[in-house]
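The values are calculated or read from the model by the stated rules, or taken from the named source; none is laboratory data. Being a predicted model, the structure only gives us computed values, none of them experimental. Positions of Cβ are generated from backbone atoms using ideal geometry, with glycine treated the same way; all protein chains shown enter the neighbour counts. Areas reflect the complete protein model, heavy atoms only, side chains present, ligands, DNA and RNA absent. Shrake-Rupley method; radii C 1.70, N 1.55, O 1.52, S 1.80 Å.
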Amino acid sequence: YRAERIVREIRLHAGEMREVETDFHENEARAIEKFEHRLRQTLDLTLRRHDGSYWTNITDRDFKERIEVRISDWLRKQPSRTRETVIEVDFCQILDYLRLIKLHWPQLEPLFKSKSVAEMHLENINEFRNLLMHSREIDFSTRQLALGSLAWFDGVFNWTARSDVGNP
């Protein structure tokens with residue numbers, strides 16, 4: 001543990017540690033929240049550029065109904081909110097993002113390049129997130145796979161921010 005902590009501090013001060021890695025080491029739960037926020041933004045922005053009403057055009061009824069139930073439940077508890085102000089992707093869970101990616105693969109392929117690689121990384125993050133949020137023991141490989149997957153998505157987000165990918 002001490003050796004790992006020393007190496008982490010050296011890498012942090014030497015500038016060799018990426019922001020996603022620093023976030024992860026400082027607060028794993030916050031790193032997962034930040035990842036989900038960035039993924040939701042990226043998906044929604046990219047899909048809206050292609051089709052402003054992408055959500056209403058989703059053909060997978062089960063998927064859409066599951067999300068609509070979450071939205072309805074939330075709106076019942078938030079009387080000051082209206083359905084018109086809701087961004088549907090904000091009510092997705094990690095594996096729901098995968099379903100959304102698969103449903104809109106032609107528009108999202110330029111971002112993710114490989115459906116199977118994106119799926120693998122989302123599954124790594126989902127496994128880690130579930131263990132973390134339910135206070136279960138997380139082994140070294142699960143933690144490292146999650147960090148690697150967060151770094152992979154960070155690369156996608158950074159590349160997307162620097163390019164016109166996703167623009168029709």
(request) Can you tell me what the convex hull of the Cα atoms of the chain projects to on average, as an area in nm²? (result) 11.6 nm²
(request) Multiply the residue separation of F63 and K77 by 0.36 nm, subtract the distance between their alpha-carbon atoms, and state the gained length in nm to one decimal. (result) 2.8 nm
(request) Quick one: what are the phi-derived ³J(HN,Hα) couplings along segment 121-130, Karplus 6.51/-1.76/1.60 with θ = phi - 60°, whole Hz, x for glycine and proline? (result) 5, 5, 5, 4, 5, 4, 4, 4, 4, 5
(message) Exceeding 28 Å between C-alpha atoms, which entries from my cross-link table qualify? They are K77/K102; K64/K115; K77/K113.
(response) K77/K102; K77/K113
(message) Between N158 and R5, how high is the FRET efficiency from 1/(1 + (r/R0)^6) when r is the Cβ-Cβ distance and R₀ = 25 Å? Nearest 0.05.
(response) 0.40
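For every other residue with a beta carbon closer than 14 angstrom to the beta carbon of L131, add +1 if it is Lys or Arg and -1 if Asp or Glu, then tell me the sum.
Details: positive: R129, R136, R143; negative: E28, E123, E127, E137, D139.
Net of charged neighbours comes to -2.
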(message) Taking every pair of distinct Cα atoms and averaging 1/r, then inverting, what Kirkwood hydrodynamic radius in Å comes out for segment 1-73?
(response) 15.5 Å
(request) Before anything else, pin down the relative contact order of segment 49-168: Cα pairs under 8 Å, at least 6 apart, normalised by residue count, whole percent. (result) 28 percent
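Rounded to the nearest 500, what is the 222 nm mean residue ellipticity of the chain from helices alone, with -39500 (n - 2.57) per DSSP H run of 4+ residues and division by all residues? Could the numbers behind the result be given before it?
Working: 8 runs with 121 residues, N = 168.
After summing the helix terms and dividing by the residues of the chain, the value is -23500 deg cm²/dmol.
Percent of accessible area on the chain owned by carbon and sulfur, 1.4 Å probe? Mind dumping the intermediate values first?
Numbers: 5010 of 10100 Å².
Here it works out to 50 percent.
Once the convex hull of the alpha carbons of segment 91-155 is built, what does its volume come to per residue, in cubic angstrom? Before the final figure, lay out each step's value.
Values: hull volume 5.3 nm³, N = 65.
Spelled out: Cα convex hull of segment 91-155, divided by residues, is 81 Å³.
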